[in-house]
Each structure stands twice: as structure tokens, then as C-alpha cells.
1. For the subset of the range 293-336 comprising residues that are within 16 Å of the ligand (Cβ to nearest atom) and free of Cβ contacts under 8 Å to residues at least 60 places away in the same chain, which member is surrounded by the most Cβ atoms within 10 Å (Cβ to Cβ)?
2. Could you tell me which residue of the range 393-440 is farthest from the ligand (Cβ to nearest atom), considering only residues that are over 25 Å from Thr124 (Cα atoms) and in contact with a Pro (Cβ under 7 Å, 6 or more places away or on another chain)?
3. Can you tell me how many residues in the range 455-484 are of a type in the set (Lys, Arg) and under 17 Å from Leu432 (Cα atoms)?
4. Under 7 Å between Cβ atoms, at least 6 apart or on separate chains: pull out the pairs that start in the range 495-506 with a residue that is hydrophobic (A, V, I, L, M, F, W, C) and end on any residue that is surrounded by fewer than 16 Cβ atoms within 10 Å (Cβ to Cβ).
5. What is the number of the single condition among (1) more than 12 Å from the ligand (Cβ to nearest atom); (2) touching an Asp or Glu at 6+ places or on another chain (Cβ under 8 Å); (3) of a type in the set (Val, Ile, Thr) that Ile282 does not meet?
6. So which of Thr429, Thr365, Thr393 ends up being buried (at least 20 other Cβ atoms within 10 Å of the Cβ) and β-branched (Val, Ile, Thr)?
7. Which one is surrounded by the most Cβ atoms within 10 Å (Cβ to Cβ) among residues in the range 230-250 that are in contact (Cβ under 8 Å) with a residue 40 or more places away in the chain and farther than 29 Å from Glu360 by Cα?
8. In the list Ile440, Ile448, which residue meets the criterion of being out of contact with any Asp or Glu (no Cβ under 9 Å at 6 or more places or on another chain) and open to solvent by less than 10 Å² (accessible area, probe 1.4 Å)?
Amino acid sequence: MLSQESVQEQKTDLFPNPTIRELNEKYKPFLALARSHALLEWDLEVNMPEKGSTSRGFIMAQLALLVQINLANVYPTLEKAGTLTDLNDYEKGVVRMLEYHKKFFTRIPPNLLEEEQKLAVEATVVWREARKKSDFKSFQPLLEKMIDIKLREAEKLGYEKHPYNALLDLYEEQVTVDDMDAMFSRLIPALKSILEKVRSENRFVSSHPIELESYETQSLVNVNRRLTELLGIPKDRFRMDISTHPFMTNISRDDVRITTRYEGKDFAKSTFGTIHESGHGIYELQIEEKLEYTPIGVAASTAFHESQSRFWENIVGRSKAFVSLVTPMLKDELNFLGKYNDEELYKYFNRVRPSLIRVEADELTYNFHIALRYDLEKKLLVGDIRASELPSTWNETMQDYLGVKPENDAEGVLQDIHWSGGSFGYFPTYSLGNVLAGMIWHNIRNDIELDKTIRNGDFAPIKAWLYEKIHKYGATYPPKELTKRSFGESFNPDRLVQYLEWKYLS
Ligand code: MG
């Protein structure tokens, strides 16, 4: 019989199996290299002198190669682990995640990866120029090459039914075209009808005078710092800097970094960007400590990550309760707000405006932008649409979805960097993230008086709930399984629709 003490120890030891322990040990150098790569990437965006880019590209490419070589050290032990039965969920998670990495690195030949990386660099340069001149034709041949490479990658990775499944899996493990088709076919008609009502009944404004008010950068830096303090983000494990494109990265569980930007007016852009990235950061800060340095000590998926940022940004940050909580602080830092009350700030934060640009889209219109891109990516891959037809199809779909039509390709098909960088399969995870945020909204209200908690500025119960349902598992379970565990059902777009109806129509 086990003594009381060893029972206790067993309870806290998540990885009792010696083969799994060996895997975790062998994973460590891979992790250290990957995180070093992430730090260099952060530095590139935040600190690097302009001329450093070529040498930085060289160093990062070499490091990426080392990452790949290092993972091969786990393969023999991984094979052994594949025959084990009686593993606990954490141990199964370790095997699953390593198999997932291995699949990518062993099925795609290094020369194909290299070909893609080179093309991505070239295509991104051409895309920037093309966007400036609004000239899709100059970008088209590179996009065609990229589509060809992505298709070859899909073939190497293997898939069932649709090549897009192979690419989707790289961002959202085990999620398929069938899942995404089901999501969008429910979401789009529902959103159309909500949007129509909101517009015809003038329920929310489309613009607000505050967006024209100029601010001093330092004042808004103070606002953003005070917001992260309000959310209870520990100062000694977190930092915030400035970059052109806001993002979050983490070097370890105790070293989480976000960036934001300051454009001089329309302060909500910067502020809600900060809340969004903080939401990503809170996830990383709260992954179970015992999983650190293991293959499952990471977020469950791209969409789960986005669900956190969107929950904090939209469901918490754009609520009436949050507005009333932060208005005194905002007025303290931004003098021009003196003449506006809570109600005006709420209207300003929740403008509804069908627009051409995805990154400026509001809660109600955002998913139309994603549905359009998802559909095009899927069709491009199987030849249902040719690259040359993209601008016209794009513009017609925007007209149909949102009643707006781009005047040129810069505000249409050329607006995003994703395709030039080869990120096919990424877009739909944004919408899935929104759907998951809707599921959080639906479920958290069974346990927490959300409105009251936010109004009081006490975010600990919300964070504890997210920890219990999502954060503590890291990547122990693939996203579909985690969804069922956390919310008792599979991906359910109705929850997002219900949230939006509640907020915009009731
Ligand atoms: Mg995000």
C-alpha cells in the first residue's frame, strides 16, 4: 500500500510514466531554441535598428533550422511512447503534441519549406509595393506561386476530403472544412439579420465625435498601463512596448509581452488593442505551472487564444459595466473627455459601421471579412476560382455582405499581409475564436454575475473561471475536445449569435 505521502506525491505528479518523462526532458532544448527565436522576433519588431534586418533574417533562419533538427531527438522515444497504454490525459497530451510537431517537420521536405520562406520574403516585398500602388496584377504571379506551394504542402501533409484541411490543421488541430462550413453557414445569415435591424432602427451610431479628438501619446500610455493594472496583470511577469503591428508573445510563463501603437487620435484603437493583447497575455500567464517546459505547456490552439483576446476586448471591455468602471480613469488622463458622459463613451466604443477594412471592423461586421477570405482560400486551393478573379469576386462579395464596395485593390484584396507570408488556413481561426468567446459568455454567466463583477473592477473571479475551464489544461486536449469539456457541447455559433442579439437588439 502506498503511504499517505506518496499518494500525495502521485496526485501532484502529472507525468508518472518514465517514457513520458524522458520525452519531456528531450523536448527542453527544442523549447529553449523556439523561445529564443520568439525573443529575437519580438526584438525585431520593438528594438532592432533598421539595418539589422538582413542579419536578423539569417540568424532566425539558422535558429529555425536548429529547432527542427532538435525535435528529431525525441523521435525514437516518441515511437516507444506510441505503444504505451494506461497513460493519463496529460501524458497522452504530450505524445499527441509531439506527434503533431513531428508530422509537420517530417512530412514537409526541408527544400519545400525553404522554397516557401524565400517566396514569402519576396512576395511580402512585392505585396507592400502592390498595395501602395493598388496594383493587384503585380502581386498576382507571386500569389499563384504561393498557392502552388501551399497545395504541394497539403499533399505532403496528407488530408481527407479537402486539401484545405491539411492547412487548417496547422493552426487549429483536427478542425476541418466541414466544421468551418457549418460555422459560417449559421453565422452569416444570422449576422446579416442583426446588422440590418441595428442599421434600420439606428440602434448604434456609425461614427462619433470622439474619434476626431487628438491625444498626447504619453497620456494614452498611462491609460493603457492603468488598464493592465486594473485587469490585475502582474507587473513583474509582463511588459508592454510599442510596435507597428500590435501582438503578444511569451518567452516563458513568467515573461509575457504585448505591444500596442499610438496614432494620435481615435484613442479606442490603441486602448482596445491593449485589452485584446492583454487577453492573449492573461491566457499565457495562467497556463498550469506544472506544465511548463513540457509540450503541453502552451495554449490549446490559435482559436482558443483568440477567444481569450476577444472575450476581454469585446465582451468585457466594450460592456456598459466596464465603461462605467473606467470612465473616471479615462477622464483623469484624457482632458478632452471632460465633455462626454458614460453613455457617449459607450456609443463611441460600440460604433457599428460596415467598412472595407478587416482590422477596423466592429463586433457585428468582423466575421463577414473572415467568411469572405475563408471561402476564397478554400476555392483557390482546388481551382474553383483563379487568382486573376480575386479582385472582382472580393468586391462583389463585400457588396453582398456589407453593402460596401472597394474603390481599389488596396482597400480590397490587397489589404492583408497573410497571403504573401503563406498563412493560408489562419483566417477562419479568427471567427472560431469569436464563436468560442460567445460560448464563454454563455457559460460564465451560470457561475458569475458578469455585469456586477466587471462594474466592481474585480476581475479575479473571471480569471479564476477561465483558468478552471481553459487555461489550466494548456494543450492537454485538442481544441474540439477542450470545447466539449469546458462548455459541454461542440463549437456552437448560436452562442455568439445569442450574445450579439442580447447586446445589440435587446
Ligand atoms: Mg489576436
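The values are calculated or read from the model by the stated rules, or taken from the named source; none is laboratory data. Owing to the predicted nature of the structure, the values given are computational and were not obtained by experimental measurement. Positions of Cβ are generated from backbone atoms using ideal geometry, with glycine treated the same way; all protein chains shown enter the neighbour counts. Areas reflect the complete protein model, heavy atoms only, side chains present, ligands, DNA and RNA absent. Shrake-Rupley method; radii C 1.70, N 1.55, O 1.52, S 1.80 Å.
1. Here is the first cut: in the range 293-336, the ones within 16 Å of the ligand (Cβ to nearest atom) are 298-318.
Narrowing the set further to residues that are free of Cβ contacts under 8 Å to residues at least 60 places away in the same chain leaves 313, 317-318.
Working: Glu313: 22, Gly317: 24, Arg318: 19.
Among them, the one singled out is Gly317.
2. Gly403
3. Going through the range 455-484 one residue at a time, the tally reaches 2.
4. Within 7 Å, the pairs are Leu505/Lys197.
5. Here Ile282 meets the rest and fails (2).
6. Working: Thr365 fails: buried (at least 20 other Cβ atoms within 10 Å of the Cβ); Thr393 fails: buried (at least 20 other Cβ atoms within 10 Å of the Cβ).
Just one listed residue meets the conditions, Thr429.
7. Arg237
8. After applying the criteria, what remains is Ile440.
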